[in-house]
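S.K.: This is the structure I want to talk about, given as structure tokens.
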Amino acid sequence: MKNIILGGFILLSSYLATAQGPPITADKPIMLGGKSFTTKTLIEYRQTERGSVLYAPVMLHYLPTANSLVALHVPFTIYDLQDQSGNGLADLKIMGKYQFYRKDGTGKTWRMVAKTLQTLPTGKEIDVMDISTGKYAGYYGIVSGIETLKYGISTEVGYNWMPDGTLDEIRAKLGFGLPLLKPQYPNKQLNLYFEYSSHWLHERDWYQLLYAQGIQYARKNITFDLAVQLPLVQEIDDNRALNYSVFLGTRYTF
């Protein structure tokens, strides 16, 4: 079943591409212009059968040019798991993106971006995916998106490589954005997001298909995000299964 779902995501990514405003749990290839900064956070409260984790990153994104981006994510975590509890710095992340394709039309745009996310082992080794593993990992993927005045579609396909661990992962994401307000100036948006995320950790023979329902409010250069993520399919050890995640975020561009 996991191969069928994953294959469908990869096929869709060849044709689809991002929504009004940045997606919440996904990514987008739209860039806002060179020499601009964005500060943001996306706090996640994750409840699993193993316990709970709170993840609070401080992120700084900088666009050296209109088609490139570099970012630093400095995260803090609090965890209460069956086998341990504590708090402190999680794994630092450095991100790079380069937009290699862009096609604009009347009221729409389609773009594609190469993306890498380098995870540094600064966190404690608590074996919590994407938060604190205490091991180096390198993610490499392609983000694509199409955005119009009426809707947005985003996709991402990539591979997360962990040479000294067992969390190597084939990752695929598909998101839809629906604006509830007409385009206006100054910018004011209210958007709904419907986001799917597929994770196949082939070394552990784990698979998850997750769905996130989100809402976003944007005013000028500030956005506020809220989303709830639930599992649709889980082929994973029972004591590691996800119950739900709640995301709360904000970002400011200058």
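The values are calculated or read from the model by the stated rules, or taken from the named source; none is laboratory data. Predicted model, so just to flag it, every value in this text is computed and none were measured. Positions of Cβ are generated from backbone atoms using ideal geometry, with glycine treated the same way; all protein chains shown enter the neighbour counts. Quick note on the areas: whole protein, heavy atoms, side chains included, nothing else; ligands and nucleic acids left out. Shrake-Rupley method; radii C 1.70, N 1.55, O 1.52, S 1.80 Å.
S.K.: Within the range 86-106, does at least one residue satisfy the condition of being within 14 Å of PRO75 (Cα to Cα), in contact with a Pro (Cβ under 9 Å, 6 or more places away or on another chain) and open to solvent by 80 Å² or more (accessible area, probe 1.4 Å)? Reasoning before the result, please.
M.R.: Start the filter on the range 86-106 by keeping residues that are within 14 Å of PRO75 (Cα to Cα), which leaves 87-95.
Next, from what is left, pick out any that are in contact with a Pro (Cβ under 9 Å, 6 or more places away or on another chain): 89-93.
Remaining after also requiring open to solvent by 80 Å² or more (accessible area, probe 1.4 Å): 89.
So far as the range 86-106 goes, yes, one or more of its residues are within 14 Å of PRO75 (Cα to Cα), in contact with a Pro (Cβ under 9 Å, 6 or more places away or on another chain) and open to solvent by 80 Å² or more (accessible area, probe 1.4 Å).
S.K.: Okay, next question. Could you list all residues from the range 35-70 that are touching a helix residue (DSSP H, G or I) at 6+ places or on another chain (Cβ under 8 Å) and part of a strand (DSSP E or B)?
M.R.: Within the range 35-70, the first condition is being touching a helix residue (DSSP H, G or I) at 6+ places or on another chain (Cβ under 8 Å), and the residues that meet it are 48-50.
Residue satisfying the conditions is THR48 alone.
S.K.: Can I ask one more? Considering only residues that are among the hydrophobic types (A, V, I, L, M, F, W, C) and outside any strand (DSSP E or B), which ones fall in the range 125-165?
M.R.: First pass over the range 125-165, keeping only residues among the hydrophobic types (A, V, I, L, M, F, W, C): 126, 128-129, 131, 137, 142-143, 146, 149, 153, 157, 161-162.
If the condition is that a residue be among the hydrophobic types (A, V, I, L, M, F, W, C) and outside any strand (DSSP E or B), then ILE126, MET129, ILE131, LEU149, MET162 are the ones that fit.
S.K.: Oh, and also: Considering each of ALA26, ALA17 in turn, give the residue that is modelled with pLDDT under 50, surrounded by 15 or more Cβ atoms within 10 Å (Cβ to Cβ) and not polar (S, T, N, Q).
M.R.: Details: ALA26 fails: modelled with pLDDT under 50.
Just one listed residue meets the conditions, ALA17.
S.K.: Tally the residues that are part of a loop (DSSP other than H, G, I, E, B) and closer than 22 Å to GLY141 by Cα, restricting the search to the range 173-227. It would help to see each step written out before you state the result.
M.R.: First, the residues of the range 173-227 that are part of a loop (DSSP other than H, G, I, E, B): 180-187, 202-205, 220-221.
Still in the running and closer than 22 Å to GLY141 by Cα: 202-205.
Within the range 173-227, residues that are part of a loop (DSSP other than H, G, I, E, B) and closer than 22 Å to GLY141 by Cα number 4.
S.K.: Shifting gears a bit: So for the range 54-77 (the condition being over 22 Å from GLY34 (Cα atoms) and among the small types (Gly, Ala, Ser)), does at least one residue qualify?
M.R.: yes
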